[in-house]
């Protein structure tokens, strides 16, 4: 995998019509459940959401179970274990702690699309995958999501809690991964982990798939793709950031240049002295957020961190959750290679 690839973006994304319909449905559901007063119609959203149960009997070579971390805040994760790799207990398995997308407002670890994605990661890498069901905004604002993600790492660092993992799960080869808002979450949890001291858990890699970053500025891609990107629009992202961020912080009004949003911007946290993990940043040519993602990649490089940029010029935001797209399988393979590369060095 090259550190960076120069690509040309076509005029229109090449997406099958069935997939386009799926994107249209997703957009319609999010718009229908988003209220002007900044709240979400959870009752309607729960009716419209499609979820998958955990499967103790293997499905597509992977079994799953739900593990409670803190019932008081409904913090839990779905554990995915590849059965073939588990049987070969002489081969240690890396652990992927995964954070789902949804703008910090929507979706869950048991959403059908993310259950399927995590199952693919578990089988293809192979790896033990832990998909975190973190608290959602606007009911729970930043930094609640980061707290939940970091607390899952602390849970895994406690030896008695690891009895739920297969014997060959290796938490010293831990990766944080996520898409969209989950990519943002993975970055911030990685930053916290770099500042912390764990007994057994060691985060050696970060996979940021089309991470959800932003700022007060309107970027070229946000303007150019305003009527092309089927999922991301300025109106949607502005609403989401307002739902996610606290109204005030330290007695001052919060804007989109907050360090949680514009992570590489004017208020960015200095990570140059942190043991920040090697990072793979995934960008799509028809994703309105791509300028923010490229800035993130460049910021990591300037900070002296090992980082790789992977571009899919003909894809849109969240493309990889659709297995019918060839690029989805390509991305899974790239993630596999990145994980194997980092494991070979640790």
Practice prompt. Those residues that are in contact with a helix residue (DSSP H, G or I) (Cβ under 7 Å, 6 or more places away or on another chain) and within 30 Å of residue 81 (Cβ to Cβ), I need them from the stretch 25-47; list them, please.
Written response: 45
Response to the item:
Subset of the stretch 259-290, residues more than 15 Å from residue 303 (Cα to Cα) and free of Cβ contacts under 8 Å to residues at least 40 places away in the same chain, comes to 259
Practice prompt. Give the number of residues within the stretch 300-331 that are buried (at least 16 other Cβ atoms within 10 Å of the Cβ), out of contact with any strand residue (DSSP E or B) (no Cβ under 8 Å at 6 or more places or on another chain) and more than 23 Å from residue 229 (Cβ to Cβ).
Written response: 1
Worksheet item: Where residues in the stretch 227-243 are touching a helix residue (DSSP H, G or I) at 6+ places or on another chain (Cβ under 7 Å) and assigned to a loop (DSSP other than H, G, I, E, B), which of them is farthest from residue 12 (Cα to Cα)?
Response: 231
Item to complete: Determine which single condition residue 107 fails, assuming it passes every other condition in (1) in contact with a strand residue (DSSP E or B) (Cβ under 9 Å, 6 or more places away or on another chain); (2) over 25 Å from residue 204 (Cα atoms).
Response: (1)
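Please verify whether the stretch 257-268 includes one or more residues that are touching a strand residue (DSSP E or B) at 6+ places or on another chain (Cβ under 8 Å), modelled with pLDDT of 95 or more and in a strand (DSSP E or B). Step through it out loud before you land on a result.
Going residue by residue through the stretch 257-268, those that are touching a strand residue (DSSP E or B) at 6+ places or on another chain (Cβ under 8 Å) are 258.
Okay, now just the ones that are also modelled with pLDDT of 95 or more, so 258.
With in a strand (DSSP E or B) added as a condition, the list becomes none.
The answer is no, given that none of the residues of the stretch 257-268 is touching a strand residue (DSSP E or B) at 6+ places or on another chain (Cβ under 8 Å), modelled with pLDDT of 95 or more and in a strand (DSSP E or B).
When you go through 163, 137 one by one, which is the residue that is over 24 Å from residue 194 (Cα atoms) and not in a helix (DSSP H, G or I)? Lay out the reasoning, then the answer.
Numbers: 163 fails: not in a helix (DSSP H, G or I).
After ruling out the rest, the residue left standing is 137.
Just to be sure before I move on: is residue 281 at pLDDT 95 or above, in a strand (DSSP E or B) and at negative phi in the structure I sent? Quick ask: steps written out before the conclusion?
On the way: at pLDDT 95 or above: yes; in a strand (DSSP E or B): yes; at negative phi: yes.
Answer is yes for this residue.
Give the stretch 276-291 a look and list any residue that's within 18 Å of residue 191 (Cα to Cα) and out of contact with any helix residue (DSSP H, G or I) (no Cβ under 7 Å at 6 or more places or on another chain), or say none.
Initially, the stretch 276-291 is screened for residues within 18 Å of residue 191 (Cα to Cα), giving 276-281.
The answer is none; no residue qualifies.
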Worksheet item: Taking only pairs six or more apart or across chains, which ones have beta-carbon atoms under 9 Å, a first residue in the stretch 244-256 that is part of a strand (DSSP E or B), and a second residue that is surrounded by fewer than 12 Cβ atoms within 10 Å (Cβ to Cβ)?
Response: 253/247
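Kindly provide the set of residues from the stretch 180-196 that are touching a helix residue (DSSP H, G or I) at 6+ places or on another chain (Cβ under 7 Å) and closer than 19 Å to residue 141 by Cα, ordered by number.
Looking only at the stretch 180-196, we keep the residues that are touching a helix residue (DSSP H, G or I) at 6+ places or on another chain (Cβ under 7 Å), and these are 185, 188-189, 192-193.
Matches in the stretch 180-196: 185, 188, 189, 192.
Condition test on residue 273, is it surrounded by fewer than 16 Cβ atoms within 10 Å (Cβ to Cβ) and either farther than 28 Å from residue 235 by Cα or under 19 Å from the mean Cα position of the chain (by Cα) (or both)? Quick ask: steps written out before the conclusion?
Values: surrounded by fewer than 16 Cβ atoms within 10 Å (Cβ to Cβ): yes; either farther than 28 Å from residue 235 by Cα or under 19 Å from the mean Cα position of the chain (by Cα) (or both): yes.
Criteria met by residue 273.
Test residue 115 against the criterion of being in a helix (DSSP H, G or I) and closer than 30 Å to residue 37 by Cα, and give yes or no. Please lay out each step first, then the result.
Details: in a helix (DSSP H, G or I): yes; closer than 30 Å to residue 37 by Cα: no.
So residue 115 does not fit the description; no.
With the structure loaded, tell me whether residue 67 is within 22 Å of residue 203 (Cα to Cα), surrounded by fewer than 23 Cβ atoms within 10 Å (Cβ to Cβ), in contact with a strand residue (DSSP E or B) (Cβ under 7 Å, 6 or more places away or on another chain) and modelled with pLDDT of 95 or more or whether it fails that test.
On the way: within 22 Å of residue 203 (Cα to Cα): yes; surrounded by fewer than 23 Cβ atoms within 10 Å (Cβ to Cβ): yes; in contact with a strand residue (DSSP E or B) (Cβ under 7 Å, 6 or more places away or on another chain): yes; modelled with pLDDT of 95 or more: yes.
Yes.
The values are calculated or read from the model by the stated rules, or taken from the named source; none is laboratory data. Note that the coordinates shown come from a computational prediction; the quantities given were computed from them, not determined experimentally. Reconstructed Cβ throughout: ideal geometry from the backbone, glycine too, with neighbour counts over all protein chains shown.
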